[in-house]
Amino acid sequence: MRIPTAPRGALVAAGALVGALVLTGTAWAHATLSPPVAKAKTLQQFTLSVPTEKEGATTSKIELVVPDGFAIDSFEPSPGWTRDVKAQGSGEEAVVQDVTWSGGAVPTDEDAVFRFAASATSDKTYTFTVKQTYSDGSLVEWSGPESSDTPAPTIEAVSSLGGGSSSTLSIIALAVAGVALVLAIVGLVGGKRSLT
């Protein structure tokens, strides 16, 4: 009985899939706000997540610069962190412009995570700036374009969540394509069996 071997095309496809998954995982290691798509004019919970990527240092401070039209209502407690909020106005009319969390110590390969309730006042894409300070004093500013190494986090506010955004649809399409590729590889390898 001969043991079946994978055809060269299947091996190349498998290598391409592994490479794509590795690159995709690396590309997603950024400061993010979730959900990335939110219903406008609706109070909901958002999560800011900032990865500690530097070896031998911890994340000790995170500053979030809030764009106009994005209204933070309240914050979830963040044990181990001190929060400083800069707002324009006071009381019920206060508009949060900048939030700084300091005093934490998030090690390499872990994320600093903060939650707050907020709402977007209109249908558009809101772009935030996140400034990350490490224990060694170095600073990473997450404020670049989507294609950069330090992209700014964004939230797309829409009037209805039924349609989804183009970026959300792109992620879904990528996931479906990945599953289809895996199934194709399994079919190629499984279909080349020899009974002699």
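Since every read-out is calculated from the coordinates, none of them should be taken as a lab result. This one's a predicted model, so the numbers in the text were calculated from it and none came from an experiment. When we count neighbours, we look across all protein chains shown, and the Cβ atoms used for this are built from the backbone with ideal geometry, even at glycine.
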Ranked 60, 135, criterion: other C-beta atoms within 10 Å, fewest first
135, 60
For a 22 Å ceiling on Cα separation, which of these pairs sit above it: 39/124; 41/61; 86/131; 54/131?
41/61
In nm, spacing of pseudo-spin labels at residue 42 and residue 121 (7 Å Cα→C-beta vector)
2.1
Most exposed first by the Cβ proxy, i.e. fewest other Cβ within 10 Å, how do 48, 64, 161, 139 rank?
139, 161, 48, 64
At R0 = 35 Å, how high is the FRET efficiency between residue 55 and residue 95 if r is their beta carbon distance? Nearest 0.05 is fine.
0.35
When 150, 42 are ordered from fewest to most other Cβ atoms inside 10 Å of their Cβ, what list results?
42, 150
Chain lengthening between residue 85 and residue 68 when straightened (0.36 nm per residue, less Cα-Cα)
4.6 nm
Length-normalised contact order of segment 31-160 in % [C-alpha pairs under 8 Å, at least 6 apart]:
37
For segment 146-157, in residue order, the Karplus 3J(HN,Hα) values (coefficients 6.51, -1.76, 1.60; θ = phi - 60°; whole Hz; Gly and Pro = x) are 4, 7, 7, 6, 10, x, 6, x, 10, 10, 9, 8
Write out the GluC sites (Glu not before Pro) in segment 39-73 meeting two conditions: DSSP loop, and at most 16 other Cβ atoms within 10 Å of their Cβ.
53, 55
What residues have an amide H closer than 5 Å to that of residue 112, excluding those fewer than 5 places away on the same chain, when H is modeled at 1.01 Å from N in the peptide plane?
50, 52
Length gained if residue 110 through residue 75 is fully extended, taking 0.36 nm per residue and subtracting the Cα-Cα distance, is 10.5 nm
